[in-house]
Amino acid sequence: MFGRPKTTTPGADGQETWVYEHTTVWAVDYPIPFWLPMSVGQTPRDILTVRFTYGVVAACSFAREHYTARDGRIVATDTTTEECAK
C-alpha cells in the first residue's frame, strides 16, 4: 500500500525498522525586476516508522515536520509525533 520504504534497518533478535517519508520541495525563479528573484517552499514532511520483530509489527510512529521559508531558506518550524501501534 505504501510502496517501498525509504530505508530499512535490520536489528538484533529479528528486529527490523522501515521508514517511509513524503514531502515536496519547490523553488520558483521569477523574472521580475526589483522583486524577490526566487520563492522556495516545502510541504509538511511526513515520516512513518514501523518496527517489526520476527515479521510482526511491534511498534509504529508517525511524525509531521512543518516548514517555512525565511530569507530564501527552508526552516523547520515544529514537529508533531504520535504512536500508532504498541
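A few notes on this one:
- Short to long, the 10 Å bins of the Cα pair-distance histogram for the chain hold 16, 34, 24, 15, 8, 3, 0 percent of all pairs.
- Each Lys or Arg adds one and each Asp or Glu takes one away; over the other residues whose Cβ falls under 13 Å from the Cβ of Pro44, this sums to -2.
- A simple count of charges around Thr9, restricted to other residues whose Cβ falls under 15 Å of its Cβ and scoring Lys, Arg +1 and Asp, Glu -1, yields 0.
- Surface composition of the chain: carbon plus sulfur atoms hold 56% of the accessible area, using a 1.4 angstrom probe and ignoring ligands, DNA and RNA.
- Nearest-0.05 FRET efficiency for Ile32 and Glu83, computed from C-beta distance (R0 41 Å): 0.30
The values are calculated or read from the model by the stated rules, or taken from the named source; none is laboratory data. No experiment lies behind these values; they were computed from the predicted model shown. All Cβ positions, glycine included, derive from the backbone under ideal geometry; neighbour counts span all protein chains shown. For accessibility, only protein heavy atoms count, side chains too; no ligands or nucleic acids. Shrake-Rupley method; radii C 1.70, N 1.55, O 1.52, S 1.80 Å.
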